[in-house]
1. If you add up the charges near Leu78, with Lys and Arg at +1 and Asp and Glu at -1, over every other residue whose beta carbon is less than 13 angstrom from its beta carbon, what do you get?
2. Given points 7 Å out from each Cα along the Cα-Cβ axis, report the Glu132 to Leu14 separation in nanometres with one decimal.
3. Arrange the residues Glu104, Glu72 by how much accessible surface each exposes, largest first, with a 1.4 angstrom probe.
4. As a test question: what accessible area, to the nearest 10 Å², does Arg83 have when a 1.4 Å probe is rolled over all protein chains in place?
5. Using a 1.4 Å probe, how large is the accessible area of Tyr146, given in Å² and rounded to the nearest 10?
6. Considering only the other residues whose Cβ falls under 13 Å of the Cβ of Arg55, what net charge follows from Lys and Arg at +1 and Asp and Glu at -1?
Amino acid sequence: RIVSERRLRASSRLIRGGLPVVSLTAVPLDALRTRRVYRRHLQRFDFEPYGICMRRDVLMQRGARPVIYGDEACWECLTSDQRPYFQTAQTKGHAIINWAREQEWRVVGDIDLSTFNDDELIIFVRSPEEAERIECTSAWPVIALYDAD
């Protein structure tokens, strides 16, 4: 859907303050596989074996900023312009989760992928077979990270 629509849709789900953002990560591709963890309380995995890599300088031109990790006192000190980029540094439950490991960046609002040139964005998938299927509809290069398990 993302490749055919050429858009990353912003969401306010789980964003304190309710402003819709697109969340991204600066975790290197070669580290994604080891970071894949199921988050039962979110009912999803962190770091799927599919994604989009975009040049950071291009994202920054479109308003991307790194997340500010902190606690309640940090939140209170932020301006309204800074608050969409806030994330609690740690949560406690069955285990302590250090969210700063995600190296998150955010963009307020949708990201229109049709504005990216083919040297500014690549699609990654698990296997060469999946890459071949996606290449038919992608305006950008598609790479296979590894064979499907």
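The values are calculated or read from the model by the stated rules, or taken from the named source; none is laboratory data. Because the structure is predicted, anything quoted here is derived from the model rather than measured. Every residue, glycine among them, receives a Cβ derived from its backbone with ideal geometry; neighbour counts consider all protein chains shown. Heads up: the accessible areas ignore ligands, DNA and RNA and are worked out on the full protein's heavy atoms, side chains in. Shrake-Rupley method; radii C 1.70, N 1.55, O 1.52, S 1.80 Å.
1. Numbers: positive: Arg16, Arg65, Arg83; negative: Asp71, Glu72, Glu76, Asp81.
Here the charged neighbours net out to -1.
2. Those two pseudo-labels are separated by 3.5 nm.
3. Glu72, Glu104
4. 70 Å²
5. It works out to around 60 Å².
6. Residues close to Arg55 contribute a combined charge of -2.
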